[in-house]
Amino acid sequence: MTIREYNKSVDLFSDAVFRFVLKNAKDEDVAKDIVQETYTKMWVKVETVSFEKSKSYIFTTAYHTLIDYFRKNKRIVDFENVNEINYSHSDNYSDIGEILTSAVDKLPEKQRTVIMLRDYEGYSYKEIAEITDLNESQVKVYIYRARLFLKNYIGSIEKIL
């Protein structure tokens, strides 16, 4: 990758990767640090990364850097067995964006990551599998579970409106 292509990848993907990291980290300063570290890692390998693969490389590196951050700060919690009833929403409230954000925040880390990559960033199952080091079947299962949780949490649209 040339320096021009590297700079172009920064221009093209830095906002999207920042949004992705911010949604998971929930701390703007941490998100900025992770994005900066991601691009630093890419700079170190600039000669081995092709421009065509730069978006995938950036999101994969950001994802792994985020995981490392959580592990380092002992913020990863096993949410595989979350009881959805404890997190269900039944109040009548009309701010759908806030309710959806609250619901996504309650998802386990892997489910939140794959649902955000799929529904917020528009990645395919194959691309998500590459970014998260999961296989496509696992990605589909996590997305299914996340959507089921969101459906149960939010309930019917009539209750919200």
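Quickly run through segment 90-118 and pick out the residues that are at pLDDT 85 or above and in a helix (DSSP H, G or I).
Scanning segment 90-118 gives Glu109, Lys110, Gln111, Arg112, Thr113, Val114, Ile115, Met116, Leu117, Arg118.
With over 28 Å from Glu5 (Cα atoms) and either modelled with pLDDT of 85 or more or assigned by TED's automatic domain parsing to the domain that holds Glu37 (or both) as the only criterion, which of Tyr63, Tyr144 stands out?
Tyr144
Restricting attention to segment 97-115, and to residues there that are touching a residue at least 40 places away in the same chain (Cβ under 8 Å), of a type in the set (Val, Ile, Thr) and within 14 Å of Phe20 (Cβ to Cβ), which single residue is surrounded by the fewest Cβ atoms within 10 Å (Cβ to Cβ)?
Checked segment 97-115; the qualifying residue surrounded by the fewest Cβ atoms within 10 Å (Cβ to Cβ) is Val104.
Hey, can you tell me all the residues within segment 133-148 that are buried (at least 18 other Cβ atoms within 10 Å of the Cβ) and closer than 11 Å to Gln111 by Cα?
Val139, Tyr142, Ile143, Arg145, Ala146
The values are calculated or read from the model by the stated rules, or taken from the named source; none is laboratory data. Quick caveat, the model's predicted, so the values are computed rather than measured. FYI the Cβ positions are ideal-geometry reconstructions off the backbone, even for glycines, and counts take in every protein chain you see.
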